[in-house]
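Report on the following structure.
The values are calculated or read from the model by the stated rules, or taken from the named source; none is laboratory data. These figures come from a predicted structure and were not determined experimentally. Don't worry about glycine lacking a Cβ; one is built from the backbone with ideal geometry, like all the others, and counts go over all protein chains shown. To get the accessible areas, we keep the full protein, side chains included, count just its heavy atoms, and leave off ligands, DNA and RNA. Shrake-Rupley method; radii C 1.70, N 1.55, O 1.52, S 1.80 Å.
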Amino acid sequence: MNNYLVCVFASSFTDNCIECIGENYRGQVSTTENGYTCQRWDSQTPHKHDFKPSVHPENNLVENYCRNPDSGPRPWCYTTNPNKRWEFCSIPRCSTIPPPIRPELTCVTDKEA
């Protein structure tokens, strides 16, 4: 088991900050780190894409909120600027630090092996 999986399983859905790579981020930030407005996930204009809310309901692709549906480094969005396809979003990291990885523990039972 790698550290990434433990981190994701330990995370809960968050609204104001990101943990790990932000796959569970469910907040309402809708602008990129350089100030571009995010394109709605249910829109194909100005950028066509495959992340349709109806196809990927598990990713909570709502409105034009920043998300991380492809397990990238952090949440991002397609922009409404025809010359800038996508960009990362500026969302602060949560102050809580994930628990340390202990190889003697199993993820399923959380009991010492």
Tally up the residues in the range 58-69 that are modelled with pLDDT of 95 or more and of a type in the set (D, E, K, R), please. 2
Could you say whether any residue in the range 60-70 is farther than 16 Å from residue 91 by Cα, open to solvent by less than 40 Å² (accessible area, probe 1.4 Å) and either part of a loop (DSSP other than H, G, I, E, B) or basic (Lys, Arg) (or both)? yes
Residues (assigned to a loop (DSSP other than H, G, I, E, B) and either more than 13 Å from the chain's Cα centre (by Cα) or over 19 Å from residue 17 (Cβ atoms) (or both)) located in the range 71-93: 80, 81, 82, 83, 84, 85
Given (1) assigned to a loop (DSSP other than H, G, I, E, B); (2) modelled with pLDDT under 95; (3) of a type outside the set (Lys, Arg), where does residue 7 come up short, assuming only one miss? (1)
Number of the exception - residue 2 against (1) more than 14 Å from the chain's Cα centre (by Cα); (2) modelled with pLDDT of 95 or more: (2)
Please state which one of 104, 23, 112 is of a type in the set (Asp, Glu) and either surrounded by 15 or more Cβ atoms within 10 Å (Cβ to Cβ) or at pLDDT 90 or above (or both). 23
How many residues are in a loop (DSSP other than H, G, I, E, B) and either modelled with pLDDT of 90 or more or open to solvent by 30 Å² or more (accessible area, probe 1.4 Å) (or both) if we restrict to the range 10-19? 6
Candidate set: the range 77-86, residues that are of a type outside the set (Val, Ile, Thr) and under 11 Å from residue 30 (Cα atoms); chosen: the one most open to solvent (accessible area, probe 1.4 Å): 78
